[in-house]
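Structure, as structure tokens:
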Amino acid sequence: MDLPKAISLLRIISGEIDEFFNTTSQITVARSTDVYDFARRKEVIRKEFPTGRDFSRFLRKMEQDGILRQIISNCNVDVANPNFYQWRFFRKEAKIPTELNSESVRPSAIYFKSERNIATNDGGAVRSYQEQYIYNRLLEENGLKFYYERPFDIKGYNKIPDFTIIALQSRTVYHWEHFGMIEDPSYEIYAEKKIQWYIDHGYRFIENGGRFIITYYRNETVLHDDVERILKLIKLNP
């Protein structure tokens, strides 16, 4: 796609983002899927981007080329996972969070106070139905031993990943963080900071041959697909 056409499409998308927020006073942040579902009412969007994946690829290319934010400035993107960019678009009058340690974007304590009150198939308990699905699926796998919220220390820091998995044959230890509330901007900042900690301490994503796993909740189908993909990668890794 040539540059003039790409810029023209970005301007159309920018207008659709504004129109999206104009349709409701309740929503202050939108995901790329929200924008695509709204914008595809336009024939030009449907023609250029038949699927949401095509739309996301275009946004990623424009971001990588340094063009996107020249046209659409009211957005943030999480590039911690190179295979899955996380887009957030904001009302133009809203303050876009930029500081990872800002008091204004610190997650509410409710994120940490939810009880382990959701039963698992082995009689244990977790904090969310998404974690319940991951937990029960891990129970079905031979050759894996796993722990839920098992603390570990590294260079004087204590971390409690959602899941610690040991591949019994290779003795490789994986740490799995699942992020289930990414529609909340403050929680997204918290997730970004948590992921960056692992990267800063030498962890690589499992997709790149490492032992760090992250999943985001988008819907049930995607969660199930992601879990199966991760399990296959664990089995493929030496």
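The values are calculated or read from the model by the stated rules, or taken from the named source; none is laboratory data. No experiment lies behind these values; they were computed from the predicted model shown. In case anyone asks, the SASA skips ligands and DNA or RNA and just uses the protein heavy atoms, side chains included. Shrake-Rupley method; radii C 1.70, N 1.55, O 1.52, S 1.80 Å.
Taking all protein chains as shown and a probe of 1.4 angstrom, Arg41 keeps an accessible surface of around 130 Å². Phi-derived couplings, Karplus 6.51 cos²θ - 1.76 cosθ + 1.60 at θ = phi - 60°, listed residue by residue for the range 133-149: 5, 4, 4, 5, 5, 5, 4, 7, 8, 7, x, 10, 10, 9, 10, 9, 6 Hz, with x used for Gly and Pro. Over 25 Å apart at the Cα level, from the set Lys61/Lys155; Lys155/Lys193; Lys5/Lys61; Lys155/Lys194, are Lys61/Lys155.
When all protein chains stay in place and ligands, DNA and RNA are ignored, the 1.4 Å accessible-area order of His201, His175, His224, largest first, is His224, His201, His175.
For the range 113-238, the solvent-accessible area of protein heavy atoms averages 52 Å² per residue (probe radius 1.4 Å; ligands and nucleic acids excluded).
When a 1.4 Å probe is rolled over the protein heavy atoms, the share of accessible surface on the range 139-238 that falls to carbon and sulfur comes to 50 percent.
What accessible area per residue comes out for the range 1-87, rounded to a whole number of Å², with a 1.4 Å probe?
Averaged over the residues of the range 1-87, the accessible area is 54 Å².
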